[in-house]
Each structure stands twice: as C-alpha cells, then as structure tokens.
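Right, one structure below, let's go through it.
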Amino acid sequence: MGGPEDQLSLLPGLGVRQTRIVASLLMVVFGAVVLSLAGPARADLGHDVASLSAAWKHEGVVARLAPRLYERDDPRHVALPERALRLGDGCTTVAILGVTASSFLVRLDQSGRPDSESPISSRAGLVEITRCEKGRKALRGLVVELRSPRAVLEVLVLVSPGPPGEAYRVLPQRLPGPSADPVDPGRAPAPSDIVGAAKATVARSKQRGAEQVDHGLLEGDVDGSGVVGVELAAGCHELTVMGIPAPRDAPRSVDIDVDLVWPSGEIAASDRTNAPDAAVRLCVGRTRRLGLHFAGALPGSPVLFVHARWALPAGLDARWSPEVRAGIAEALREHHLDVPASGLVEQSLGIAGLTGIPVDVEPGACYVVAITTYRGRTDAIAIAAAAGEWRVQNHGGPDGTNTAIAFCSGAERTALVEVEATGSAGLAWHLAMWQSGRVRPGELAR
C-alpha cells in the first residue's frame, strides 16, 4: 500500500505592485524570496496533505491517491485500495482535501435505499470519514460531487487498528468552528405580521446607518411572479421582498425567490431560500439600472418591497474603477469591517495563482485587508495574513469574488499577506490594506 509521498504544490502567481515596475526575472526572484519568508506559516493544499500524512503514519498504514481535477455537475467515484475495504478488524479513514475555498459533497452509498447515508458536506475544504469493521462496506460506493466550479482534490487513506484523532488536530487552520443548531421556523406569519416585519426591516436598516430607505408594493402576475426595473445609485444596497401569507385553503404556501439581474442577463445577486421573504445585497461604484425578478407569491397578489442604501466607505480611493470600489465595499460590508478615510497603506494587483505580498506594519497596530476581482471569471478567492505567531485567513466561498480579513501585529515590523485565486486565465484582482487602529482585539486601551 505504500507509494511516493510527493507534495502537490500550487504554483505561486506573482502580484503586480501599483507603485513599481519590475522586470520578469526580478519577479521570479521576488517570488522565491516570498516563499522563503512564509516558512511554516504557509498552509497550501500540498502542505496540509503532507502534514496529515506524516501524522497518520504513527497511527497505521497510509496511502495517498493521485490528485484529481473535479468539475461541478460531474460526480466521480473514488476507488480505494482493496486492503482498505476488507471487512475484518480495524478501521479505514478517508480524508478528502481541497483548498479551503473549495466546496464539495461526499456520498458513501449509491444504492438508493431509504437507509442510505446522507451526503457529507466539506468544511474549509475537508471531509474526514472513518468506518470500522463491517462499516467499511459503505466506502466502496464513495463518490465526490463538487459544488465549486472546479477544484483539485487530494485523497488520503489510513488503515489502522482504531479511529485516529480528528484531522483538525493536525490542521487547526481548517477548523471551521461550531455549527448552529437547527432553528424552528415557527408558525406561518399572518398578514398583520408581514406589515410589522416590513416596518421592522425599515427601522433596522435605519439603525444600521442606511442613508435612504424606500418601501412600497410591487404588483405580481397571475403566477405570483413579477419584474421591475430598479435604479441603484453608487453605494451598497439591500432589497427585500415579502410575500403576503397564503390562506389555510391555498393550494401552496408562499416561498419568495428574488434575482437581481444586470442588463446583460447575468445574475448580480440572488436569494432562493425557502422562506416567505427574500433579500439581495449589492454594492455598485456608479449609478446602475438592473432588473428585480421575484417569484413564489400568491397568484395575482402584490408583495411588500423595502430598499435600503448605504454610502460607500469613505476609505476607498477615488481613483479606483467603479468595479473595484464596489467589490472592495462589498467585501468590507459582508465581513462587518470599517476602514478609516485616510488609513490606506498598501495596494497590490495580481492574477490567478498563489501570491505572497510582504508588507511593512507598525508594532501593535491593527489592519484591515480587502480583495476583489475586477476582470475575468473567478472560481474561488482566499486571503491570509501572518504576523509573527499570528495568522488569520478567510475565503469568498464557492463562486466568491471578494473577501476581507483583519489582523494585528505584535512586535513585528513586517507581515506576509497571501492571496490564492482560481479562475480564468484573464483573472485579475485588486487588494487594499488600511491601518484601522492600534489596540488589539480583546485588549483594553490604556
């Protein structure tokens, strides 16, 4: 069952600094220096697979399958070594890893029986499954179904006398955190509750600093759907549609779905969850006109509509394109991060791949870093920052086009920011960094 343990490395891309023009040869040297500076703080896919494999060798016999490129809507069976499927004593553990921004499902039983196991969703690009004795039989039907558009996945197989420790102990950077308990949605709302909910949405938007809040009714067609044109001024917008509840004898319940659509027909934002209301959010860097499509209301009935607008953050550079301003604003707003109007300290441009950016920091200072793609098609984008012993990371999720993080330095004067982006050959991103304060989170100012 042995085999080479070659590390799958991601070829690092080289960022383009706005303030410098560097020759191609110097960029290659710069990339090598960045990788040497990163040291043990780097956490790419190959590093994680090698670390987990080394830890598992103390538990039993480890096999590393060849990495495979997966694509959405193309489920693929994973053939495990025959020794891992024997039904005798002991356990078999399978770990499937992708980059932290990847999302996929693992199915263990394809028989279609009512007692078949539910699919397992990846968390931070990782699924770990252990089956012992006769339970190993389910591993013969192991199928991986990708949710991200495209990703390379690695598979490690461990045969051991008993279950090993969780992979998260070896890979703490992939620890996703606790999951919330399921929430009981309660009874269906009454019409008076919908009016109250609309008023509460208006009040909540104003409390959150919305500069403008409009509300009213939108007429629906005989099938409960509708289309209306909306003009969005420069800023960040939240548009909420609420359906009037169905009477008890109605043939179906109210389930509002909303799409915000560009003139080209491309969807800018969407909410298709199962609920009697739906909300979409979008930031724009200049005035744009889009179409608001809704469906799922009662036939021929109107829906309640609330539109709130917030100003773009004051810390955005006026020289940026409208697309970059909108994307950076969206990343900051999504992660509830504020930036000062005059605190911009770093900017970088980059392309698809893994890019390391060393930055100067002040000891004891805190920073916010935001990134957005402004050209090309994005499959996933992730960002990390390391300063001394501290490391933070975040990703935009499947199909994400932007994300943001916050971190503080200790006694360090330099930090390393890493960006990993996957997508089309013409993908380009813009990164901005602000100094946001001088007190580390959790500490009291003196």
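To the nearest 20 Debye, how big is the dipole of the range 44-172 about its Cα centre, given +1 on the beta carbon of each Lys and Arg and -1 on that of each Asp and Glu? Walk me through the intermediate numbers first.
Values: 18 positive and 16 negative charges, 45 e Å.
In total the dipole reaches around 220 debye.
As a footprinting exposure proxy, order TYR168, TYR70 by other Cβ within 10 Å, with the fewest listed first.
Placing the least packed residue first, the sequence is TYR168, TYR70.
What residues have an amide H closer than 5 Å to that of GLU412, excluding those fewer than 5 places away on the same chain, when H is modeled at 1.01 Å from N in the peptide plane?
It is GLY364, by chain and number.
Kindly rank 155-164, 197-206 from highest to lowest mean number of other beta carbons found within 10 Å of each residue.
On the way: 155-164: 18.9, 197-206: 15.7.
Put in order of decreasing packing, that is 155-164, 197-206.
Using the reciprocal of the averaged 1/r over all distinct C-alpha pairs, how large is the Kirkwood radius of the range 191-310 in Å?
Values: mean 1/r = 0.0688 Å⁻¹.
Taking the inverse mean of 1/r over all distinct Cα pairs, the range 191-310 comes out at 14.5 Å.
Expressed as a whole number of Å, what is the distance separating the alpha-carbon centroids of the range 281-360 and the range 416-434?
16 Å
Mean separation of Cα pairs under 8 Å and 6+ residues apart, divided by the residue count of the range 191-310: what relative contact order is that in percent? Before the final figure, lay out each step's value.
On the way: 297 pairs, mean separation 50.1, N = 120.
With pairs under 8 Å counted, the relative contact order is 42 percent.
Work through the residues other than ILE328 whose Cβ is under 12 Å from its Cβ and net out their charges, Lys, Arg +1 and Asp, Glu -1.
Result for the local shell: -2.
With Kirkwood's inverse mean 1/r over C-alpha pairs for Rh, give me the Rg to Rh ratio of the range 44-172, two decimals please.
For the range 44-172, the value is 0.94.
Readers should treat all values here as calculations from the given coordinates under stated rules, not as data from a laboratory. Remember, it's a predicted structure, so these values are computed and weren't measured experimentally. Every residue, glycine among them, receives a Cβ derived from its backbone with ideal geometry; neighbour counts consider all protein chains shown.
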